[in-house]
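Right, one structure below, let's go through it.
The values are calculated or read from the model by the stated rules, or taken from the named source; none is laboratory data. Owing to the predicted nature of the structure, the values given are computational and were not obtained by experimental measurement. Because the Cβ atoms are built from the backbone with ideal geometry, glycine has one as well, and the counts that use them run over all protein chains shown. Accessible surface is based on the protein model in full, side chains and every heavy atom, while ligands, DNA and RNA are left aside. Shrake-Rupley method; radii C 1.70, N 1.55, O 1.52, S 1.80 Å.
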Amino acid sequence: MRKVFNFSAGPAMLPEEVLLQAQAEMLDWNHTGMSIMELGHRGPEFKEVADQAEADIRELMSIPKNYQVFFLPGGATAQFAMVPLNLFGKNKTADYIDTGVWSKKAIAEASRYGTVNIAAKTQHQDHLAFIPHQNAWQINSDAAYLHYTPNETIDGLQFHWVPQTGNVPLVADMTSMILSQPIDVSQYGIIYAGAQKNIGQAGITVVIIRDDLIGDPLPHTPTLYSYKLHAEHHSFYNTPPTYSWYIAGLVLAWMKRQGGVSAIYEKNKRNAAKLYAVIDDNQDFYLCKIMPENRSMLNVMFYLANEQLTPVFLEQAEKLGLTNLRGHRVSGGVRASIYNGMPEKGVDILADFMRDFVKRNG
Ligand SMILES: *Cc1c(COP(=O)(O)O)cnc(C)c1O
């Protein structure tokens, strides 16, 4: 048993079972006498690992046949460029929803290649942040796509509905929420996610893309940034991040053993509800600055009303093995990131500690 529950926003906690399996297989993967990271990426052994990971994510997310699944390097940040480079086409214009730090980075990158229309932004009412509903958005019917961030990791803000964009493809940066709840993939044109929060370790990004969006990238697009190239080579144009792919495969198989996405979702919902209940029961002590309908299930952000107690809170939590609860350097406060790999026990200990901390300091 590990002694620490890691509430980091990413790279994040992995299931102990997965780490133990990786450890057991380290020196001799599947009787090859080698570690998987030493195996050729074009050999039949690695191909089996790669194919199984794809089959498992297809099964877990019920990905329709007219979508490709890529496993690519470069993190979600590479997708900030790949999406506009591949989808802008002739008009070179797209709609973006700005809900926080990660949306802004996606917007800044897309703006290098064309025109970005900010169709909507986070709003505030009574000092609480919320996402305006779609009827208040300024949507451009010529947009090549609409990009949004369903869960803003740093801001702790989440959409609990899916934008309806008609014929305009919907592009979602799901890095901090992929596989955390059931979704209908057919509502999206592209879904992408860096693996290090919900699917495994850093170094690999999952891209789920509808066939008809794999067109021609803009001229001067770097070779490795073309979706068409990755479709033609099944993510094997050059050496893929094999170990990250393997770990993602172990996590996906673990998810299936847990009962799939719906079971993980129930666990995630319970975890989030426990923490928000402590915050709501102690509103003079803990402040959540997000409207209830936009609170994140994966990144629970809150502040201590008495800010001087924040370092004390963090230090005492650390002593209990509750680590990496410090809020982002931009936002301050406390952030509990509770992704797919966070067991309920970690959240129970945190919730108890939060209640106890109020008793001792309230
Ligand atoms: C962490 C995160 C990113 C950055 O991912 P990298 O893999 O580091 O490029 C992008 N978007 C969201 C929503 C994130 O949470």
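Structure data summary
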read-out: Yes/no for residue 53 being among the hydrophobic types (A, V, I, L, M, F, W, C), under 22 Å from the mean Cα position of the chain (by Cα) and surrounded by 20 or more Cβ atoms within 10 Å (Cβ to Cβ); value: yes
read-out: Identity of the residue in region 184-215, near the ligand (Cβ under 10 Å from one of its atoms) and in a loop (DSSP other than H, G, I, E, B), that ends up nearest to residue 260 (Cα to Cα); value: 198
read-out: Selection from region 43-98 of residues that are farther than 28 Å from residue 161 by Cα and within 16 Å of the ligand (Cβ to nearest atom); value: 73, 74
read-out: Filter result for the condition that a residue is out of contact with any Asp or Glu (no Cβ under 9 Å at 6 or more places or on another chain), open to solvent by 10 Å² or more (accessible area, probe 1.4 Å) and more than 22 Å from residue 152 (Cα to Cα), over 360, 326, 355, 335; value: 360
read-out: Selected residue [in the same structural domain as residue 228 (by TED's automatic domain parsing) and within 11 Å of the ligand (Cβ to nearest atom)] from 111, 103, 141, 180; value: 103
read-out: Selection within region 133-162 - under 18 Å from the mean Cα position of the chain (by Cα) and either assigned to a loop (DSSP other than H, G, I, E, B) or hydroxyl-bearing (Ser, Thr, Tyr) (or both); value: 148, 149, 150, 153, 154, 155, 156, 159, 160, 161, 162
read-out: Selected residue (criterion: farthest from residue 160 (Cα to Cα)) from residues of region 112-133 that are in contact with a Ser or Thr (Cβ under 7 Å, 6 or more places away or on another chain) and open to solvent by less than 20 Å² (accessible area, probe 1.4 Å); value: 129
read-out: Of the criteria (1) free of Cβ contacts under 8 Å to residues at least 40 places away in the same chain; (2) not in a loop (DSSP other than H, G, I, E, B), which one residue 112 fails; value: (2)
read-out: Region 218-230: number of residues that are open to solvent by less than 20 Å² (accessible area, probe 1.4 Å) and assigned to a loop (DSSP other than H, G, I, E, B); value: 1
read-out: Boolean, residue 175 is modelled with pLDDT of 95 or more and crowded, with 20+ Cβ neighbours inside 10 Å; value: yes
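Each row is one residue, and each column tells you yes or no for (1) surrounded by fewer than 21 Cβ atoms within 10 Å (Cβ to Cβ); (2) modelled with pLDDT under 95; (3) in a loop (DSSP other than H, G, I, E, B).
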residue	(1), (2), (3)
232	yes, no, no
238	yes, no, yes
261	no, no, no
266	yes, no, no
